[in-house]
Amino acid sequence: MLTTEEEPSTGADAPTPTPAPIKAAPRPTPTPPQRAPGRLLALVALLSAALMALHAHLPNTALNLGSLFQTLLPWTGLAVPALLALAAVRRSRLAAIAVLAPALVWATLFGPTLTDKGKDRGKGTGATGHSLTVLSHNVDEANPDPAGTARALAGAKADVLALVELSEESTPVYERELAAAYPHHAVLGGVGLWSRHRLTAVAEVEIMPWTRAMRATAATPEGPVAVYAAHLASVRVSGAGFTTARRNEAARALASAVRAEPAPRVVVLGDFNGTYRDRALAPVTSQLRSAQREAGDGFGFTYPAGFPVVRIDDVLVKGMDPRASWTLPATGSDHRPVGATLRF
């Protein structure tokens, strides 16, 4: 009897277990480019606005930085487009809104300056009846062409010229070139006055150990006018900060002279080595009005002549009404001349 042995099962027909799926490792999320937080830009914008608004209260105890900030105050407006550009790059709505603060403060401080406030745009003798046209210029001791500078000044046809930083070599040149237009003049040290009207009571104003200021009375047809020519001490920006001590002392001395001036009409012309907003010059500017601020067009920057960034030359008045104020083209000096028409 035949018997059949069953072959052992190979398992070919048995179900094969399905292996568990292998989970792929998660891909790292790309890190977005790092951007400065909008809050930081907003904070910088608000700080800029605060500095502009409180410029008169910034202390001078540390390196006279308060005076330096006020000297360059008009240029703080450049912070607005810079911050706005950064806000756009970082797509920060908060920063963009915060930039409105310095923009509004700057516009409040200087918006009126950008308009033409002149009441009389004629420039020169007789531009407006019963008026006096004055011109001030730091002619620069190193001026390579004093004769050309003198001719340019005479061409402006002002009634009174105040020149500062005259030298022993250049003074005779100015006297010769201006003689035809200005029959009356007086020079003391490095400052001088030239006038179409007779000058009397000429005297030095002691503001420094050497002569840097003078006064005279111009006998105009409308009455006497006390005219000052002044050149305050220079300032420097150095490692010691904004050095202004000698200038500030000279400003106080000039202020005392103006305060003691008995004439009802006073014109102070010259290089003040500081701007009208610099509170260190407040002893002078608090007594007088700036022709540029009241009747000028724009900032009227005067220094340096090639690319002026500050107005340190000015026409300051008392007892007269500024009708126009302007800056003349550059001469051979490192300063630009300034002129103004004043109504009696």
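Name the single residue that is farthest from A103 (Cα to Cα) among those in the stretch 30-44 being of a type in the set (G, A, S) and modelled with pLDDT under 90. Walk me through how you get there before you give the answer.
Taking the stretch 30-44 and keeping what is of a type in the set (G, A, S), we get 36, 38, 42.
Then keep just the ones that are modelled with pLDDT under 90; that gives 36, 38.
On the way: A36: 21, G38: 18 Å.
Within the stretch 30-44, the match that is farthest from A103 (Cα to Cα) is A36.
Restricting the stretch 41-100 to residues that are of a type in the set (S, T, N, Q) and out of contact with any strand residue (DSSP E or B) (no Cβ under 9 Å at 6 or more places or on another chain) leaves a set whose member that is surrounded by the most Cβ atoms within 10 Å (Cβ to Cβ) is S48. Taken together, the criteria place V268 among residues that are touching a residue at least 12 places away in the same chain (Cβ under 8 Å), among the aliphatic types (A, V, I, L, M) and crowded, with 18+ Cβ neighbours inside 10 Å.
Restricting attention to the stretch 244-265, the residues being of a type outside the set (D, E, K, R) and surrounded by fewer than 16 Cβ atoms within 10 Å (Cβ to Cβ) number 5. In the set (1) within 22 Å of the chain's Cα centre (by Cα); (2) closer than 21 Å to G298 by Cβ; (3) buried (at least 20 other Cβ atoms within 10 Å of the Cβ), the condition left unmet by V139 is number (2). Give the residue that is surrounded by the most Cβ atoms within 10 Å (Cβ to Cβ), with candidates limited to residues of the stretch 289-312 that are in contact with a Gly (Cβ under 7 Å, 6 or more places away or on another chain) and closer than 13 Å to F272 by Cβ. Ranking the candidates gives Q292 first. Can you find a residue in the stretch 111-127 that is part of a strand (DSSP E or B) and crowded, with 19+ Cβ neighbours inside 10 Å? Scanning the stretch 111-127 turns up no residue that is part of a strand (DSSP E or B) and crowded, with 19+ Cβ neighbours inside 10 Å. Scan the stretch 147-163 and give yes if some residue there is modelled with pLDDT of 95 or more, among the polar types (S, T, N, Q), in a loop (DSSP other than H, G, I, E, B) and out of contact with any strand residue (DSSP E or B) (no Cβ under 7 Å at 6 or more places or on another chain), otherwise no. No, the conditions are met nowhere in the stretch 147-163.
Within the stretch 297-344, which strands (runs of 3 or more DSSP E) (wholly inside it) include 3 or more residues that are within 16 Å of E165 (Cα to Cα) and hydroxyl-bearing (S, T, Y)? Outline the logic, then answer.
Details: elements: 313-318, 321-327, 338-343.
Once the strands (runs of 3 or more DSSP E) in the stretch 297-344 are filtered for at least 3 residues that are within 16 Å of E165 (Cα to Cα) and hydroxyl-bearing (S, T, Y), nothing remains.
Okay, residues lined up against (1) out of contact with any strand residue (DSSP E or B) (no Cβ under 8 Å at 6 or more places or on another chain); (2) without any contact (Cβ under 8 Å) to a residue 60 or more places away in the chain; (3) within 18 Å of A150 (Cα to Cα):
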{"residue": "S170", "(1), (2), (3)": "yes, yes, yes"}
{"residue": "V173", "(1), (2), (3)": "yes, yes, yes"}
{"residue": "H185", "(1), (2), (3)": "no, yes, yes"}
{"residue": "L193", "(1), (2), (3)": "no, yes, yes"}
{"residue": "T200", "(1), (2), (3)": "no, yes, no"}
{"residue": "V205", "(1), (2), (3)": "no, yes, no"}
{"residue": "A216", "(1), (2), (3)": "no, yes, no"}
{"residue": "E222", "(1), (2), (3)": "no, no, no"}
{"residue": "A230", "(1), (2), (3)": "no, no, no"}
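Applying a threshold of 6 Å to beta carbon distances and a minimum spacing of six or more residues, or different chains, the list of pairs starting in the stretch 150-163 at a residue that is under 11 Å from S195 (Cα atoms) and ending at one that is surrounded by fewer than 24 Cβ atoms within 10 Å (Cβ to Cβ) and at pLDDT below 95 reads K157/G124; K157/T125; D159/T125. Could you run through the stretch 195-250 and say how many residues are basic (K, R) and in a loop (DSSP other than H, G, I, E, B)? Counting residues in the stretch 195-250 that are basic (K, R) and in a loop (DSSP other than H, G, I, E, B) gives 3.
Just a yes or no: is a residue in the stretch 79-102 in a helix (DSSP H, G or I) and either among the polar types (S, T, N, Q) or at pLDDT below 90 (or both)?
no
The values are calculated or read from the model by the stated rules, or taken from the named source; none is laboratory data. Fair warning: this is a prediction, and the values are worked out from it, not measured in the lab. FYI the Cβ positions are ideal-geometry reconstructions off the backbone, even for glycines, and counts take in every protein chain you see.
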